[in-house]
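Comments concern the structure below.
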Amino acid sequence: MYRAVIFDFDGTIIDTEKHLFEIINKHLNHYGLEEVSLDFYRQSIGGLASDLHQYLEGQLGQERKEKIYQEHNETSIHLPIVTHMKQLMDYCKVRHIPMAIATSSFRNDIQPTFDQLGLDAYIDVVVGREDVEEIKPSPELYLTAVQRLNYNPVNCLAIEDSVNGATAAVNAGLDVIVNTNDMTEKQDFSNIVYLDKDISGTAIIEKYFEKSRG
């Protein structure tokens, strides 16, 4: 049985990826500009998103680009926790299995949503962009989270939704379950040695926690 679980945040605990995509195109439409395509947006998920940021800044300017992300952060508080992740977190809480978040976002940006969802009742450690030199697909976020939980990587299970995130977890030495969403389901995970993919919270608990207890 795994002794700790480390979750990605955006697109894993809550479906912020689709939310951000819609806000970006709403702002582009407002100024009569061409929308970003799904394929282009999907390439940005789980990492620095440099190409997306450069494109938006080129089209809208720095100030208008920042308003997109401000609106995204302010309105994400209304998004629910993904059901399968809530099931897993409830189970871990009852079993006193420590949980962490390893996110490429800044901690300050996700804090309002974190607070609104009451995640402090579940999550022991949050590691964000400001805590590391390199974000996903670098393993540094996961290595830092594991260190703060005071466990070995092999004792920790990672939950991710993107190729960049899953790559980071695997390269840090963790087993990873990939649960995709509308924005990441078409990413190519063929080079990722993942434990399982797109399974329910109940199945995760039964296969990777309860079965090993027996």
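For every residue, the table says whether it meets (1) in contact with a Pro (Cβ under 9 Å, 6 or more places away or on another chain); (2) closer than 13 Å to Phe9 by Cβ; (3) surrounded by fewer than 23 Cβ atoms within 10 Å (Cβ to Cβ).
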site: Leu141; (1), (2), (3): no, yes, no
site: Gln147; (1), (2), (3): no, no, yes
site: Asp161; (1), (2), (3): no, yes, no
site: Asn171; (1), (2), (3): yes, no, yes
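Please find, among Asp109, Asp131, the residue that is acidic (Asp, Glu), closer than 19 Å to His78 by Cα and out of contact with any His (no Cβ under 7 Å at 6 or more places or on another chain). Give the derivation first.
Details: Asp131 fails: closer than 19 Å to His78 by Cα.
On inspection, the qualifying residue turns out to be Asp109.
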Are any residues in the range 151-209 touching a strand residue (DSSP E or B) at 6+ places or on another chain (Cβ under 6 Å) and of a type outside the set (A, V, I, L, M, F, W, C), and if so, which ones? Tyr151, Glu160, Asp175, Tyr194, Asp196, Lys197
What do you reckon, is Ser50 touching a residue at least 40 places away in the same chain (Cβ under 8 Å) and among the hydroxyl-bearing types (Ser, Thr, Tyr)? no
Look through Val94, Val146, Val193, Val178 and report the one residue that is under 15 Å from Ile6 (Cβ atoms), β-branched (Val, Ile, Thr) and out of contact with any Phe, Trp or Tyr (no Cβ under 7 Å at 6 or more places or on another chain). Val146
Which residue out of Thr103, Thr83, Thr75 is surrounded by fewer than 20 Cβ atoms within 10 Å (Cβ to Cβ), among the hydroxyl-bearing types (Ser, Thr, Tyr) and within 26 Å of Asp39 (Cβ to Cβ)? Thr75
Evaluate the following for Lys65: is it out of contact with any Phe, Trp or Tyr (no Cβ under 6 Å at 6 or more places or on another chain), among the basic types (Lys, Arg), crowded, with 17+ Cβ neighbours inside 10 Å and assigned to a helix (DSSP H, G or I)? yes
Run down Tyr91, Tyr55 and say which single residue is touching a residue at least 40 places away in the same chain (Cβ under 8 Å) and either aliphatic (A, V, I, L, M) or in a helix (DSSP H, G or I) (or both). Tyr91
Give Leu157, Leu119 a once-over and let me know the one that is open to solvent by less than 20 Å² (accessible area, probe 1.4 Å), over 13 Å from the mean Cα position of the chain (by Cα) and closer than 14 Å to Ile13 by Cβ. Leu119
Gln54 - would you say it is loosely packed, with under 13 Cβ neighbours inside 10 Å and not hydroxyl-bearing (Ser, Thr, Tyr)? yes
Name the single residue that is farthest from Leu157 (Cα to Cα) among those in the range 173-214 being over 16 Å from the mean Cα position of the chain (by Cα), open to solvent by 40 Å² or more (accessible area, probe 1.4 Å) and charged (D, E, K, R). Lys186
Hey, does the range 11-29 have a residue that's in contact with a strand residue (DSSP E or B) (Cβ under 7 Å, 6 or more places away or on another chain), in contact (Cβ under 8 Å) with a residue 60 or more places away in the chain, not hydrophobic (A, V, I, L, M, F, W, C) and not in a loop (DSSP other than H, G, I, E, B)? yes
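The values are calculated or read from the model by the stated rules, or taken from the named source; none is laboratory data. Note that the coordinates shown come from a computational prediction; the quantities given were computed from them, not determined experimentally. In this analysis, Cβ positions are derived from the backbone assuming ideal geometry, glycine residues included, and neighbour counts consider all displayed protein chains. Note: areas computed on protein heavy atoms with side chains; ligands, DNA, RNA excluded. Shrake-Rupley method; radii C 1.70, N 1.55, O 1.52, S 1.80 Å.
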